[in-house]
Amino acid sequence: MTATAVVTAVLAGSAACGTVENLSAGQKLDRAFDKLGAERSLSFELDLDADAKTLQALDADAAPGEELPDKVAELLSGAKISLSVQSKKPLAESGEKDFTGVGMKVSSPEGDLLEYRVVGDYTYFRADVATLSSATGTPAPPADELPEDAGTFKKILEGEWVKVATKELQQDALSQGEPSAEPTLDAKTQNKIVKALRGVIAREVEFKTAGDKDGTEHVTATAPFRTLLTGLLDGIRPLAKELPAGIEFPADKDFKDAPDVKVAADFALKNGALTEVSVDLAKLAENAKVKKLALVLRVGKGEKTTAPAGATEVKLDELLESVLGSAAGDAAL
């Protein structure tokens, strides 16, 4: 939500230095994101608007034998990532302790591939190991050939739900030296970033609004890709000392090979609320065979995340022991 707030403020705030068209578009985006922040539950769905042949065309320069396999290309072209969140407070005001349910799922036309849910004191997860193994060419041991003491690992291979106490996951992350939460920006630093970037956005991004049809309106933001990236980086770099530790900035030379073609992001607003964002990436591919390539994010009302029935509780150390034991037995064979 912090990232969303910063992006929204920058887009809308650019209107202050822009044209009347920018002003109108910026205000509409601002109001749309305000509506999202006022919700207590939301769902997001992310996917690629591209077919398998297009994804393989992106890999045309790969060395012989390292090309994107057909099964992987088909899996990626049809895959979707879904996220649903619920909170006791409006999402814009929510902290980690306010969320009552979180669910994430990676699915394909054939079914769900990966899924996890955080409900109450537990984190639940399951995976379609057979489909993932087939697509990636990484064989997994057949569940029916595992010994009885394989325990939870066998259930995972069979695609059943297992659950781990969320506190145990958090403690394990801390023991591995991982931060317990993502670094955040305080309000003062956010305001400085917004102010630094507004000039860049106003100068480089062109906003346009399309006609209203059936309550749906489109706001398009267009900008030269490399120029915008380097401009945004130059705007933030002076604030590096005020940002959370661990954030590293790429150098300008890292963008020298990035195409400077214009890239457009389309924001769909239904009765003033954001319903979809589509970013056209085809021009960035620099490949004549790539005609349609877009990253699409759909926004909807979040459904309540519930705990799946029949999930097997497991301890992390027991799960690790089961996985390692099964792998050792498989290697011995």
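The values are calculated or read from the model by the stated rules, or taken from the named source; none is laboratory data. Since the structure is predicted, the reported quantities are computational estimates derived from the model, not experimental observations. Backbone-built Cβ (ideal geometry, glycine too); neighbour counts: all protein chains shown. Surface accessibility is based on the protein's heavy atoms, side chains included, excluding ligands, DNA and RNA. Shrake-Rupley method; radii C 1.70, N 1.55, O 1.52, S 1.80 Å.
Condition check ((1) touching a residue at least 60 places away in the same chain (Cβ under 8 Å); (2) touching a helix residue (DSSP H, G or I) at 6+ places or on another chain (Cβ under 8 Å); (3) closer than 23 Å to LYS292 by Cβ) across all residues:
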residue	(1), (2), (3)
VAL219	yes, yes, yes
LEU233	no, yes, no
ILE236	no, yes, no
ILE247	yes, yes, no
ASP252	no, yes, no
PRO259	no, yes, yes
VAL263	no, yes, yes
LYS270	no, no, no
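Within region 301-314, residues that are on the phi < 0 side of the Ramachandran plot have Cβ atoms under 6 Å from residues that are open to solvent by less than 70 Å² (accessible area, probe 1.4 Å) and assigned to a loop (DSSP other than H, G, I, E, B) in these pairs: PRO308/TRP161; ALA311/TRP161, counting only partners at least 6 apart in sequence or on another chain.
Here are ALA92, ALA130: which of them is modelled with pLDDT under 90, of a type outside the set (Val, Ile, Thr), open to solvent by 30 Å² or more (accessible area, probe 1.4 Å) and within 23 Å of LEU36 (Cα to Cα)?
Working: ALA130 fails: within 23 Å of LEU36 (Cα to Cα).
Selected residue: ALA92, the only one of ALA92, ALA130 that is modelled with pLDDT under 90, of a type outside the set (Val, Ile, Thr), open to solvent by 30 Å² or more (accessible area, probe 1.4 Å) and within 23 Å of LEU36 (Cα to Cα).
Among what's in region 22-75 and is in a strand (DSSP E or B) and among the polar types (S, T, N, Q), pick the residue that is farthest from the chain's Cα centre (by Cα). Looking at the filtered set, the residue picked out is SER41.
Among THR189, THR209, THR216, which is hydroxyl-bearing (Ser, Thr, Tyr) and over 22 Å from LEU274 (Cβ atoms)?
Details: THR209 fails: over 22 Å from LEU274 (Cβ atoms); THR216 fails: over 22 Å from LEU274 (Cβ atoms).
Residue meeting the stated conditions: THR189.
Among the candidates ALA327, ALA282, ALA294, ALA311, the residue that is of a type in the set (A, V, I, L, M, F, W, C), open to solvent by 30 Å² or more (accessible area, probe 1.4 Å) and either at pLDDT below 90 or under 30 Å from ARG126 (Cα atoms) (or both) is uniquely ALA327. Of the residues screened, VAL6 is not one that is on the phi < 0 side of the Ramachandran plot, over 20 Å from the mean Cα position of the chain (by Cα), aliphatic (A, V, I, L, M) and modelled with pLDDT under 85.
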